[in-house]
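Read through the structure below, which is laid out as C-alpha cells, and then see the notes.
Values in this text are rule-based calculations from the coordinates and carry no lab data. It should be emphasised that the depicted structure is a prediction, and the values quoted were computed from it without experimental measurement. Positions of Cβ are generated from backbone atoms using ideal geometry, with glycine treated the same way; all protein chains shown enter the neighbour counts.
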Amino acid sequence: MYKQSVTLSIGILFVVMLFLAACGGVQTASGPTEVHVTLNEFKVKMDKTSIPAGAVKFIIDNAGAMEHELVLEKAGDDDMPFEVNGQASEAEAIQPGKTTTLEWTIDKAGQYQLACHVDKDNVMHYALGMVQPFTVTE
Ligand SMILES: [Cu+2]
C-alpha cells in the first residue's frame, strides 16, 4: 500500500513537472514584444505605451504624406539614438505609404520615447509634436 502511493506521488510529480516545462517553453518561444507605430503629420502613435524590458520589434507604418523617420531614445532627448556595434536605434527615411521595422533590445526599465527628427524646409517634425513617450517595465 505504501509503495503504491509513493509510485502514484512520483507519477503526479512527473506530470506536474512536464506541465511546468511546457509552460516555460511557451514563454521563451514568444519572441520580441511587437509594437505597432503609425507616423503622420505630425504625430507618432503607438498601440501600447508600456512594454516589458527585453527584445522589442517596432512595426512602423508611415500613414502620412511626408517622409518621416523614427528614433528610439531616452525620454526628453533630441535625436540621440542608442548605438550598439555600430548600429543605431533608428529607422531613417521612411517614405509615405511604406512600412518598416526596427528591432532593439531595451535592457533597462525607464522612460523612453519614439520621435521623428526630420528637419526639412524649415519644418521640424519633433517640435511640431512628433514624439511619443513610453514606459519600459522590469
Ligand atoms: Cu516626421
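Give me the extension gain from residue 36 to residue 79: residue separation times 0.36 nm, minus the current Cα-Cα distance, reported in nm with one decimal.
13.4 nm
As a footprinting exposure proxy, order 112, 126 by other Cβ within 10 Å, with the fewest listed first.
Ordered by Cβ neighbours within 10 Å, fewest first: 126, 112.
Using the number of other C-beta atoms within 10 angstrom as an exposure proxy, rank 103, 138 with the fewest first.
Ascending number of Cβ neighbours within 10 Å: 138, 103.
Figure the gain on full extension for residue 45 and residue 135 (residue separation times 0.36 nm, minus the Cα-Cα span) and round it to one decimal in nm.
Result for the pair: 31.0 nm of gain on full extension.
Can you tell me the length gained on complete extension of the stretch residue 92 to residue 61, counting 0.36 nm per residue apart and subtracting the Cα distance?
Residue separation times 0.36 nm, minus the Cα-Cα distance, leaves 9.9 nm.
If you place +1 on the Cβ of every Lys and Arg, -1 on the Cβ of every Asp and Glu, and leave all else neutral, what size is the dipole of the range 33-137 about its Cα centre, to the nearest 20 Debye?
That gives a dipole near 380 debye.
Across the Cα atoms of the range 33-137, what radius of gyration and what greatest pairwise Cα-Cα distance (Dmax) are found, in Å?
12.6, 38
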